[in-house]
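**Student:** Before I ask anything, let me first share the structure, which is written out below as structure tokens.
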Amino acid sequence: ESVSNIIAAGEVVENPASMIKELIENSLDAGAGSIRVEVKNNGRDVRLVDTGMGMGKEDLFLCVERHATSKIKDKGDIFNLTSYGFRGEALASIGSISKMIISSKTNDSKTGHKINLNAGKVTKYEEISRAVGTEIVIKDLFFNTPARLKFLRKKSTEYARIREIVLKEALYNTEVSFSLLLDGREVVKTSGRGIENTILELFGRNTLKNSTKFSLGYWGNMNLLKSNKDSIYTYVNGRYVKSKTIEKAVLDAYYTKLTRGRYPFAIIFFDISPDLVDINVHPSKKIIKFVDEDGVYREILDCLTDAIYRDDR
Ligand code: ADP
Ligand code: MG
């Protein structure tokens, strides 16, 4: 059982950033209005605090069991779900390859509860007093999986990945306030006051000033300074994804305005019926394919071209 946890952990926790993504999505599923993430030690030590609904004692013990999920089990199609989680694997996996402490309290309980785990085994339990919500502390990630530990990249790389993950969650969940601290330095801070405040807080005033709302999100004026090939942010049904098709549609829409080698800044929130998403993609992979790639291409190209060239006509 613990061996299969460690194997599953390999899929869920590729690196500290993917672990943090799972934790944040749990907090979002719990309805948190604020999520704070503190990272140290190359991403091997992480503390997350949320203001979600919390867990009672029983749920706290359950949540670290494999396949324990309080969320609706669906047909396995992640693009068809109202919550992020569904496999009940993340916490058990993370627990099995670290030292973990979870503290939590629900609204309808006087006290909170706290458990300590070492490599997936509960080593301690206590009743505590704390506010409603959950705190998860992870220490020494990969301490018992030397092979994984070897794949840890240098700090700047791991921290850049983590920042990117938190930024992408914050950019979609704009009613939630996010804070990310890397070695004590706050690198992401949003107030949860809507999309335009969030764009301002994540990318700065210049980006907000030069971005225009359109039917699928925001498109940036090419005079923007800091765009690069990663500045096309694409969400399908609320999940951050990579799609060659969407990226090409965006680039083609900008075509005559783009100077060679430059990329636009764009945020695309694309919603599509889940059965038009190719389900043969692994849930942990962010690459997405559509049943009708041409149709998606055309729809995004049309909307964006319309928006960009509206003023020129
Ligand atoms: P999943 O998200 O697929 O259900 P996880 O292993 O990520 O599986 O989480 C297991 C369970 O633990 C969740 O279903 C949820 O009930 C509970 N849980 C995890 N994180 C939180 C949190 N931050 N706040 C409240 N409940 C949580
Ligand atoms: Mg989860």
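**Student:** Once amide H atoms are built 1.01 Å from N in the peptide plane, which residues 5 or more positions from GLU14, or in another chain, come under 5 Å H to H?
**Tutor:** Those lying under 5 Å, H to H, from GLU14 are MET19.
**Student:** Which peptide among 200-212, 14-26 comes first, and what is the full order, when sorted by highest mean count of other Cβ atoms within 10 Å?
**Tutor:** On the way: 200-212: 16.8, 14-26: 21.5.
Highest-to-lowest ranking by the protection proxy: 14-26, 200-212.
**Student:** Follow-up. Report the Cα centroid-to-centroid distance between region 12-62 and region 186-243 in angstrom, as an integer.
**Tutor:** 24 Å
**Student:** Return the sequence-ordered ³J(HN,Hα) values of region 191-206 in whole Hz as given by the Karplus equation 6.51 cos²θ - 1.76 cosθ + 1.60 applied to θ = phi - 60°, using x for Gly and Pro.
**Tutor:** With the stated coefficients, region 191-206 comes to 9, x, 10, x, 5, 6, 4, 5, 4, 4, 6, 8, 10, x, 5, 4 Hz.
**Student:** Expected output is a single nm value to one decimal: the length gained when fully extending between LEU276 and ARG153, i.e. 0.36 nm times separation in residues minus the C-alpha distance. What is it?
**Tutor:** Working: separation 123, 0.36 × 123 = 44.28 nm, distance 3.65 nm.
Full extension from LEU276 to ARG153 adds 40.6 nm.
Every number here is computed from the coordinates shown, using simple stated rules; none is lab data. Nothing here was measured: the structure is a model prediction, and the numbers come from that model. Using ideal geometry, Cβ is built from the backbone for each residue, glycine included, and neighbour counts are taken over all protein chains shown.
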